[in-house]
1. Output the residue which, of all residues in region 120-149 that are of a type in the set (S, T, N, Q) and within 18 Å of I187 (Cα to Cα), is modelled with the lowest pLDDT.
2. Please specify each residue of region 79-94 satisfying the condition of being more than 17 Å from V24 (Cα to Cα) and not in a helix (DSSP H, G or I).
3. Does R209 satisfy the condition of being within 24 Å of M1 (Cβ to Cβ), more than 13 Å from the chain's Cα centre (by Cα), open to solvent by 40 Å² or more (accessible area, probe 1.4 Å) and without any contact (Cβ under 8 Å) to a residue 60 or more places away in the chain?
4. What residue, among those in region 58-78 that are assigned to a helix (DSSP H, G or I) and touching a strand residue (DSSP E or B) at 6+ places or on another chain (Cβ under 8 Å), is most open to solvent (accessible area, probe 1.4 Å)?
5. Show me the helices (runs of 4 or more DSSP H) found entirely inside region 95-211 where at least 1 residues are out of contact with any helix residue (DSSP H, G or I) (no Cβ under 8 Å at 6 or more places or on another chain) and not hydrophobic (A, V, I, L, M, F, W, C).
6. Take I160 and tell me if it is modelled with pLDDT under 95, hydrophobic (A, V, I, L, M, F, W, C) and surrounded by fewer than 21 Cβ atoms within 10 Å (Cβ to Cβ).
7. Within region 1-30, restricting attention to residues that are open to solvent by less than 40 Å² (accessible area, probe 1.4 Å), assigned to a helix (DSSP H, G or I) and under 13 Å from P196 (Cα atoms), which residue is modelled with the lowest pLDDT?
8. State yes or no: is D5 at positive phi and of a type outside the set (G, A, S)?
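The values are calculated or read from the model by the stated rules, or taken from the named source; none is laboratory data. Everything numeric in this text was worked out from a predicted model, so none of it was measured. We place every Cβ from the backbone using ideal geometry, glycine too, and count neighbours over all the protein chains shown. Calculation scope for accessible area: heavy atoms of the full protein, side chains included, ligands and nucleic acids excluded. Shrake-Rupley method; radii C 1.70, N 1.55, O 1.52, S 1.80 Å.
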Amino acid sequence: MVDWDVYLVTQASLSADRTTDEIVAEAIDGGVGVVQLREKDRTARERYELGLELRELTREAGVTFVVNDRVDIAQALDADGVHLGDDDLPVPVARELLGDDALIGRSVSTVEDAQEAAAAGADYLGVGAVFATGSKDDIDDDEYAVGTDRVAAIAEAVDIPFVGIGGITAENAAEVVEAGADGVAVITAITRADDPAAAAEALQHAVERSQ
């Protein structure tokens, strides 16, 4: 069973000169339940090699491990699943390649996209950007700062789990969960924190208080 409360998305360029494996190890100590290998600015080979380390860390801790975008890297790492965006393989194709047991996530920003992803067989959704964020520079205006009203509308429209992402901190995480999200996904709230373990723990407590 997946622990959706706190979902860490990795990105070395947003990690205050620390390595991603260091961040992940500390975040796991702080209680994250899912780790997604993102690292969009790295080559496939570099992502694979980093992924080997993260797969070992997450497996030992019993933490769910998914790969952003790349079904082939997810296969090569024996990851628990993959997280797909608009420009990636369709959910049914990823399912065919990865099998019924794989966890397949989909990024969405609208109710319609959420319903389509659920109907296509996605296991969970990443909804956002909920608040203004500087971590993602590849999103359209209508996908930016969609707010908790959109989170609530998606919670009403689909029955699969989803996490809110985008500009989320320990201070506003409760709003997202209270609106209907099953948890929160973050990059910089953990990767740029002076103490990633403490940052993960603070997010965990915020989510738990609002459930």
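1. The extreme case among them is S135.
2. Correct list: G81, V82, H83, L84, G85, D86, D87, D88, L89, P90.
3. On the way: within 24 Å of M1 (Cβ to Cβ): yes; more than 13 Å from the chain's Cα centre (by Cα): yes; open to solvent by 40 Å² or more (accessible area, probe 1.4 Å): yes; without any contact (Cβ under 8 Å) to a residue 60 or more places away in the chain: yes.
When the stated conditions are applied, R209 passes them.
4. Taking region 58-78 as the starting set, the residues that turn out to be assigned to a helix (DSSP H, G or I) are 58-61, 71-77.
In the following step, the residues that additionally are touching a strand residue (DSSP E or B) at 6+ places or on another chain (Cβ under 8 Å) were identified as 58-59, 71, 73-74, 77.
Numbers: T58: 0, R59: 129, V71: 9, I73: 8, A74: 4, L77: 8 Å².
Ranking the qualifying residues of region 58-78, first place goes to R59.
5. Result: 111-120, 147-157, 196-210.
6. No.
7. By that ranking, first place goes to L14.
8. So D5 fails the test.
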